[in-house]
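The values are calculated or read from the model by the stated rules, or taken from the named source; none is laboratory data. For clarity, every value in this text was computed on a predicted model and none was experimentally measured. Note: ideal-geometry Cβ built from the backbone for every residue, glycine included; neighbour counts use all protein chains shown. Just so you know, the surface numbers come from the protein's heavy atoms only, side chains and all, with ligands and any DNA or RNA stripped out. Shrake-Rupley method; radii C 1.70, N 1.55, O 1.52, S 1.80 Å.
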Amino acid sequence: MIALWFAIASLTVTLYVVLDGFDLGAGALHLFAARTDAERRQVLAAIGPFWDGNEVWLLATGGILFVAFPAVLAAALSGFYLAIIMVVWCLILRGIAIEFRSHVADRLWRSAWDAVFAIASTLLCVFLGAALGNLLRGVPLDASGYFALTLFTDWSARSPVGILDWYTVLVGLFALAALAGHGGAWLAHRTTGSVQARSRRLARALLTAVAALWIPVTAATGFVNRDFGRALGARPIVWIGGGIALAGLVTAIRDLAPGRGMRPGRAFLGSCAFLSGLLIATAAGSWPVMLRSVGDRTLSITAPGAAASPAGLRAALGWWLLAFPLAIGYLVLLLRLHRGKADAAADGEGY
Amino acid sequence: VTDALVWHRFQFAFTIVYHYLFPQLTMGLALLIPIMKWLGLRPGGEAWNDAARFWIRIFGLNFAMGVATGIPMEFQFGTNWAAFSRFAGGVIGQTLAMEGMFAFFLESSFLALLVWGEKRLGPRRHFLVSLALFAGSWLSGYFIVCTNAFMQHPVGHELVDGTLRLADFGAFLLNPWAIAQYLHTMTAAVVTGAFVVAGVGAFYALSGRFPKPAALFLRVGVIAGLLASVAAAFPTGDWQAKLVARHQPVALAAMEGRFVTEAGAPLTLMGQPDVAGRRLDNPIEMPGILSILAHGSTHEVVRGLDQFPVHDWPDNIELLYYAFHIMAGLGTIFIAVMAGAAVLLARGRLVTTRPMLWSLLLAAPFPYVANIAGWMTAELGRQPWLVYGILRTAEGASPTVHAGATLFTLIGFCGLYALLSVLFAALVGRELAHGPAPAGAIGTHR
């Protein structure tokens with residue numbers, strides 16, 4: 001039951017990264033892929049109907065941790081206090097930017113919100129990667145099951161650690177490249193004209209950079225987290241995840257080639273496979289550790305150590321099995337209603 | 001950690017009060033919009049459809065603010081109240097996670113379709129989308145109230161090895177406190193929605209603009225406002241009060257400023273609690289009424305604060321007392337205003353009776369005050385407990401987050417929300433100035 005909830009939590013995180021990843025990535029590319037107001041409204045029309053539902057997967061992740069692994073939620077959110085609140089501020093500003101921008105047809109008003117949207121999206125991509133980097137590197141847990149982290153110390157990734165060091169920043173930039181590439185693939189799939197052309201070019205360049213960085217980042221992870229390095233070799237699911245990721249990345253880069261070779265829909269699916277495979281491999285390589293202790297390994301918080309009672313997990317599984325298909329059903333319905341190219345709506349009829 | 005506690009409490013109180021300015025209107029409008037859309041489906045109902053379109057735009061702006069300011073509420077359980085989350089997560093995590101999975105996905109998937117999709121969907125499917133938003137937002141309300149109800153009156157749990165575990169899921173989900181508090185909260189949200197709709201109708205009627213929509217707004221606002229104002233007091237407020245009397249007698253004593261235990265306790269209409277002197281100054285009271293409201297008979301004994309140890313008293317009795325009396329006083333005034341307006345509406349004279357229109361216009365902000373004061377009553381009355389009788393508030397805060405960090409983020413929230421308030425007011429002001437318009441004529445205003 002605990003392994004199942006670990007899998008559900010991993011699945012929810014994966015869905016969050018794959019789904020909100022494309023609208024965060026589109027936000028990071030917003031100022032580069034689209035120049036005029038009409039072009040920028042194409043970008044917003046491509047993510048407008050989806051972004052809010054995508055972001056709910058983040059809240060769903062929090063909910064799953066709350067109900068299944070309350071000790072992990074408590075330690076992680078309070079330990080990263082300032083960083084988490086800054087993420088919250090970025091999420092607030094980004095949502096308001098998307099929703100308020102279209103209400104006034106004024107050049108300065110719209111440019112200001114474009115900048116807020118793009119900057120908040122970029123920061124969130126880096127934060128997400130840095131958060132993953134922190135989890136992989138470990139945090140200074142004490143015997144009471146809590147920790148507190150400063151923003152940075154000596155950037156060495158060795159105790160005493162801070163939120164930012166060479167490793168977590170590396171993972172943050174890797175995530176930015178991967179998510180911006182992912183968002184670019186979505187835009188290439190959903191837009192037309194010069195937005196599509198620029199998105200394709202940017203996405204291809206970014207995903208090529210991801211391919212180049214992938215091995216160094218994996219090696220760095222094995223270096224700062226020896227347990228993960230050992231698990232990499234020993235666990236078949238890690239290899240399966242890695243294989244899916246590799247196939248996805250190759251597909252994405254190939255199908256974003258210019259000219260007649262361009263199949264942006266398949267490239268986006270490839271990018272989805274890349275992100276999913278990577279996260280599956282990471283989750284499988286980390287199991288059963290959920291919050292790694294950077295000092296004494298016995299202080300790490302594991303899934304069995306943090307799990308709620310069996311009765312609570314059973315009750316939650318009951319309603320989750322009903323709620324999950326519903327949530328996926330809404331997504332499928334939205335994708336069907338908004339299939340094909342997203343044309344910028346007439347002023348006042350859309351984002 | 002002790003002085004950090006003050007800032008943790010301030011930050012949660014500030015962010016939740018600000019957040020709740022938006023959902024109370026969207027939950028109220030979520031009921032009124034499908035009614036208008038449904039009236040608009042009938043032949044010749046085009047005017048109702050135009051009215052619904054205007055309120056959907058207001059709904060969209062409020063909803064965006066509600067979503068944005070709701071994010072920190074979810075996170076603060078973990079960031080600021082980590083010890084509480086770890087202690088009670090196995091129980092309250094259920095409803096918080098269910099809110100995300102059942103309500104937020106429903107709302108977020110259909111919001112864009114409600115706001116932008118009228119043309120694409122056609123009238124019937126657009127009506128169905130408005131029902132989906134109603135279901136999502138009212139479901140969301142239940143899960144949150146159910147979470148709060150567990151903190152007010154814990155049921156369905158067991159305490160094992162220093163953490164709470166779920167023992168009876170059905171009992172937890174159908175907590176009688178949750179049901180009473182939900183009905184009271186939702187009728188109060190409809191009060192806000194109805195007063196705002198009626199207030200905007202009165203504004204247009206007084207300024208002589210948009211006479212047709214103004215009449216419709218007044219009609220739907222006054223009818224819904226009268227029904228909801230009455231229901232907020234009786235039966236839902238009465239049920240809530242009886243539960244407080246039964247399960248939180250010390251909170252009831254503090255709400256009413258009863259320092260001394262007595263049979264045939266009076267209801268305090270006005271007065272100032274003097275906590276140091278253990279008495280109520282300058283009281284205006286109705287004899288025997290509190291005993292009736294709390295226990296159903298004038299002879300019943302209502303326990304005063306003297307029956308409880310001081311360390312179990314709510315820690316801010318004055319604020320609790322005034323919050324409760326402001327809510328109850330305003331609730332009474334709402335019934336009177338709406339009853340007067342309903343009489344004029346029935347006689348067909350409401351649109352021309354300017355003093356009544358002025359009353360409706362000026363009354364529109366006060367349901368916000370009453371709703372917030374009501375929640376302050378609930379939350380201050382729960383003190384000094386975080387989970388009533390089980391976990392004290394002081395034990396729930398994050399152990400590793402110190403006062404400076406929390407004060408910094410509190411100031412940050414104040415600044416950010418000040419900015420959002422200005423933007424929101426400007427955009428709503430533009431919508432009000434532009435007014436309701438027939439299909440196609442509405443657009444981005446220049």
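Here the translational diffusion coefficient of the range A:76-233 follows from Stokes-Einstein with Rh set to the Kirkwood radius across Cα pairs; for 37 °C and 0.692 mPa s it amounts to 187 µm²/s. Stokes-Einstein, applied to the Kirkwood radius of the range B:15-104 over Cα pairs at a viscosity of 0.692 mPa s and 37 °C, places its translational diffusion at 216 µm² s⁻¹. Of the residues in the range A:94-137, those shielded by at least 10 Å² of accessible area once partner protein chains are present, compared with the chain alone at a 1.4 Å probe, are A:96, A:99, A:100, A:102, A:103, A:104, A:105, A:109, A:113. Between residue A:194 and residue B:362, what FRET efficiency comes out of the Förster formula 1/(1 + (r/R0)^6) with R0 = 41 Å and r the beta carbon distance, rounded to 0.05? Rounded to the nearest 0.05, the efficiency is 0.15. Where the accessible area of chain A is counted over protein heavy atoms with a 1.4 Å probe, how much of it, in %, is carbon and sulfur? About 72 percent, which is the carbon plus sulfur part of the accessible surface.
Over all projection directions, the Cα-based convex hull of the range B:53-107 averages an area of 4.3 nm². Of the residues A:90, B:414, the one with the largest accessible area comes first in the ranking B:414, A:90, computed with a 1.4 Å probe on protein heavy atoms. Helix B:82-98 and the long axis of chain B differ in direction by around 40°, with both axes built from C-alpha atoms.
Which loop-located trypsin sites (Lys or Arg not before Pro) does the range A:1-100 contain, where loop means any DSSP state but H, G, I, E or B and the Cβ has at most 14 other Cβ atoms within 10 Å?
Working: sites: A:35, A:40, A:41, A:94; in loops: A:35.
Taking the range A:1-100 and a limit of 14 other Cβ atoms within 10 Å, the loop trypsin sites (Lys or Arg not before Pro) found are A:35.
Taking N as the residue count of the range B:211-267, its C-alpha radius of gyration divided by 2.2 N^0.38 Å amounts to 1.78. Projected onto planes of every orientation and averaged, the convex hull of the alpha-carbon atoms in the range B:39-153 covers 8.1 nm². For the protein assembly as shown, a crude dipole built from +1 on the beta carbon of Lys and Arg and -1 on the beta carbon of Asp and Glu, taken about the Cα centre, is about 2900 debye to the nearest 20.
The trypsin sites (Lys or Arg not before Pro) found in the range B:35-129 include none that occupy coil by DSSP while having at most 15 further C-beta atoms within 10 Å. Applying both filters, DSSP loop and at most 12 other Cβ atoms within 10 Å, to the trypsin sites (Lys or Arg not before Pro) of the range B:295-401 gives B:347, B:349. A cut-off under 15 angstrom between Cβ atoms defines the neighbours of residue B:380, and their net charge, with Lys, Arg +1 and Asp, Glu -1, is -2. Taking the accessible area of the range B:364-408, probe 1.4 Å, and keeping the other protein chains in place, the carbon and sulfur fraction comes to 75%.
Measuring nothing but alpha carbons in the range A:1-113 and taking Rh as the Kirkwood radius, the Rg to Rh ratio lands at 1.07. Could you check the spin-label model distance between residue A:156 and residue A:234? Points 7 Å from the Cα along Cα→Cβ, value in nm. Inter-label distance under the simple model: 2.8 nm.
Its convex hull of Cα atoms gives the range A:275-342 a direction-averaged projected area, equal to a quarter of the hull surface, of 7.4 nm². The spacing between the range A:161-209 and the range B:1-58, judged by their C-alpha centroids, is 36 Å. A 1.4 Å probe run over the range B:351-397, with the rest of the protein chains in place, finds 41 Å² accessible per residue. Stokes-Einstein diffusion of the protein assembly as shown at 20 °C, 1.002 mPa s viscosity, Kirkwood radius from Cα pairs, rounded to a whole number: 77 µm²/s. Among complete DSSP H helices in chain A, those whose alpha-carbon atoms stretch at least 24 Å along the helix's long axis and whose mean Kyte-Doolittle hydropathy reaches -1.0 are A:2-33, A:51-68, A:81-101, A:107-137, A:166-190, A:193-224, A:236-255, A:264-286, A:310-337. Pairing chains B and A buries close to 6100 square angstrom of accessible surface in total, based on protein heavy atoms and a 1.4 angstrom probe.
Taking amide hydrogens as placed 1.01 Å from N in the peptide plane, the amide H of residue B:386 sits under 5 Å from those of B:391, B:392, B:393, each at least 5 positions away in sequence or on another chain. I need the fraction of alpha carbon pairs in the range A:206-286 separated by more than 18 Å, rounded to a whole percent. Considering the range A:206-286, 43 percent of its Cα-Cα pairs are separated by more than 18 Å. Average 1/r across all pairs of distinct alpha carbons in the range B:105-192, invert it, and you get the Kirkwood radius: 15.1 Å. Model label points for residue A:32 and residue A:297, set 7 angstrom from Cα along the Cα-to-Cβ axis, are 4.0 nm apart. For chain A, what is Rg from Cα atoms divided by 2.2 N^0.38 Å, rounded to two decimals? Its radius of gyration relative to the 2.2 N^0.38 Å reference: 0.99.
Annotation: per residue accessible area for the range B:197-272 equals 37 Å², rounded to a whole number [probe 1.4 Å, protein chains only]. The simple Förster model, with R0 at 45 Å and r as the Cβ-Cβ distance, assigns residue A:250 and residue B:10 a FRET efficiency of 0.25.
Cβ under 13 Å from residue A:254's Cβ, residue A:254 left aside: what net charge do those residues give with Lys, Arg +1 and Asp, Glu -1? Result for the local shell: +4. Between residue A:332 and residue B:121, the distance separating the two model label sites (each 7 Å from Cα on the Cα→Cβ line) works out to 2.0 nm.
Counting every pair of alpha carbons in chain B, the share spaced more than 29 Å apart comes to 51 percent. For the range B:61-152, the Cβ-based charge dipole about the Cα centre amounts to some 280 debye (Lys, Arg positive; Asp, Glu negative; other atoms uncharged). So what's the gap between the Cα centers of the range B:102-160 and the range A:120-159, to the nearest angstrom? Their Cα centres are 34 Å away from one another.
With the helix formula -39500 (n - 2.57) applied to DSSP H stretches of n ≥ 4, chain B reaches a computed 222 nm mean residue ellipticity of -23500 deg cm²/dmol. The mean of 1/r over all distinct Cα pairs in the range A:46-159, once inverted, gives the Kirkwood hydrodynamic radius of 16.2 Å. When restricted to Cα atoms, the range A:22-71 yields an Rg and a Dmax of 15.3, 48 Å, respectively. With a sphere of radius 14 Å drawn around the Cβ of residue A:289, what net charge do the other residues whose Cβ falls strictly inside it have (Lys, Arg +1; Asp, Glu -1)? Local net charge: +4.
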